[in-house]
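The values are calculated or read from the model by the stated rules, or taken from the named source; none is laboratory data. Being a predicted model, the structure only gives us computed values, none of them experimental. Glycine gets a Cβ as well: all are built from the backbone with ideal geometry, and neighbour counts include every protein chain shown. Protein only, heavy atoms only, side chains kept; ligands, DNA and RNA dropped before computing areas. Shrake-Rupley method; radii C 1.70, N 1.55, O 1.52, S 1.80 Å.
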Amino acid sequence: MMRCAVRGGGAHVVIGERRSPSSSSPGSGRSVVRMSEGRGGLCCGGVRSRAADLAGLEMGRPSAGAAGLFRSTRYGRVRATASADPEDIPSDKLQAKSSGSVLPYVGVACLGAILFGYHLGVVNGALEYLSKDLGIAENAVLQGWVVSTTLAGATVGSFTGGALADKLGRTRTFILDAIPLAVGAFLSATAQDVRTMIIGRLLAGIGIGISSALVPLYISEISPTEIRGALGTINQLFICIGILAALVAGLPLAQNPAWWRTMFGISIVPSILLALGMAVSPESPRWLFQQGKISQAEAAIKKLYGKEKVTEVMYDLKASGQGSNEPDANWFDLFSKRYWKVVSVGAALFLLQQLAGINAVVYYSTSVFRSAGIASDVAASALVGAANVFGTMIASSLMDKQGRKSLLITSFSGMVLSFLQ
C-alpha cells in the first residue's frame, strides 16, 4: 500500500490501500483517493502527486485551484509516509527514458581536461628550443622554474576552483577559468624574456588547477546515473590525451626551431572554445537546486535529459539533500581518528605514484631520450604519451570488472618490473 501526504494551502491527500484483483469490492484494483477540505475551502476533482509521478501512478489533472500548490516549491511539499508495493507499479514506468543527451556538454567540459594535460606536456619538447631563444640554455635553475611554475599555479588554482564553483556556479567558473588559460598561453607564446615566460606559465597553471577541480565535478553532476560510472574516468583519459597532443605537437621542432611558440599558442584555441561552449551549456541542476533556483534547475534537467526526467531527477535531488544529517567536514576533520586511515591510504597512493617518476617522464622524456642517443627523441616521447593513453583506456574498461585494488596491484607491479630492467 502507499500513503502520501501533500500539505500546502490546507489540502490533504491520502492514497489508500490498493486492493487485490480478487476482491469483490466495486473499487477493486483502484487506488482510493480521499480529498479533505482544509483552510480556504480548497476543492478540486483530483491532483497529480509528485510521488505518484515518480511511481507512474496517474491521477486526475489538477484544477486551477490546486495548480498553485505544485509550483516552485512543489518538490519540497511532498512527504511519503510509506513505501509503495513494487508489484502495484508497472515496471516500464519506474524510470522514464531520457530523450536528451549530456555527451556534447561532457565533451565541452573535457576541453578543460585536455588543456590540463597539454600545458603539462607542452614544455617537454619545447624546453631546449625556448631556452636557446630566451637565453637560459646554460641556466638549469631558470629552466626548472619554467617547468615547475605551472605546478605552483596549479596548486593555487586547485584550492580556489571548488570555492569559485560553489559561489559562481559551474559554467560561470569555466568561463572565468578560460581567461588565465588563454592569457597564460598567449604570454608564453610571445615571451621575449624568461620573466614573461614564467608569468605565462604561472597563469596557465592557475587555469589548469581550477579545471582539475571543476571538470570532474561538472561531469559527475550532469551525468545520468546509468552512465555516471563510465563517465567518471573520462577526465583522466582526456588529461592523457592532452599530454599526447602536446608531445605530438613537438614533432616539427627538428625542422623549425621556432615552432615552440606555435606549440604554446595552439592552446589558446581550446581555451576560447571552452568559454564559448560553456556559455551555451546548462548549469549543474544540483547546484541550481542547492541555490533554490527550482525553475532553472528544471530547465537544465529538461535540456540535459529531456522533459520526461524532470520529475524523477528533481525528486532525487530533494532526497539526496535530505539523505544525511551529518554536518559538513572541514580540513581539520581529515586528520581525526575517524578519517585518518582512509586519508592516509589515498594520500600514499598519490604520493607513491608521483615518486615513481611519472612527472620526470612527462616533462623531460625528450631530453632523456636525446641523452640516451635516440635521434627521434620527440617521436619517442610521443610514443610514451600514446602508451599512457592506452593504459588509461585499459584501466577504464577493466575497473568495474576487475576491481580497483587488483588493478592497482598489477599497475605498481608492472612499474617495479620496468625499473628493474
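Let me confirm something: among 177, 166, which residue is acidic (Asp, Glu), open to solvent by 10 Å² or more (accessible area, probe 1.4 Å) and closer than 25 Å to residue 279 by Cβ? Sole residue among the options that is acidic (Asp, Glu), open to solvent by 10 Å² or more (accessible area, probe 1.4 Å) and closer than 25 Å to residue 279 by Cβ: 166.
The residues of region 148-163 that are of a type in the set (A, V, I, L, M) and surrounded by 18 or more Cβ atoms within 10 Å (Cβ to Cβ) amount to a single one, 154. Does residue 187 qualify as being in the same structural domain as residue 120 (by the TED database), assigned to a helix (DSSP H, G or I) and free of Cβ contacts under 8 Å to residues at least 40 places away in the same chain? Judged against the criteria, residue 187 is a match. The residue pairs whose first member lies in region 239-265 and is not assigned by the TED database to the domain that holds residue 386, whose second member is of a type in the set (Asp, Glu), and whose beta carbons are closer than 8 Å, counting only pairs six or more residues apart or on different chains, do not exist in this structure.
Taking region 242-261 as the range and being of a type in the set (Val, Ile, Thr) and open to solvent by 60 Å² or more (accessible area, probe 1.4 Å) as the test, only 248 passes.
Among the residues of region 325-346, at least one is open to solvent by less than 70 Å² (accessible area, probe 1.4 Å), in contact with a Phe, Trp or Tyr (Cβ under 9 Å, 6 or more places away or on another chain) and at pLDDT 85 or above. When 274, 304 are screened for being of a type in the set (A, V, I, L, M, F, W, C), within 17 Å of the chain's Cα centre (by Cα), in the same structural domain as residue 385 (by the TED database) and surrounded by 15 or more Cβ atoms within 10 Å (Cβ to Cβ), only 274 passes.
Kindly indicate whether any position in region 325-345 is farther than 30 Å from residue 187 by Cβ, touching a residue at least 60 places away in the same chain (Cβ under 8 Å) and among the hydroxyl-bearing types (Ser, Thr, Tyr). No, because not a single residue in region 325-345 is farther than 30 Å from residue 187 by Cβ, touching a residue at least 60 places away in the same chain (Cβ under 8 Å) and among the hydroxyl-bearing types (Ser, Thr, Tyr). For region 359-373, the set of residues classified as open to solvent by 70 Å² or more (accessible area, probe 1.4 Å) and either of a type in the set (A, V, I, L, M) or closer than 19 Å to residue 239 by Cα (or both) consists of 364, 368, 372, listed by residue number.
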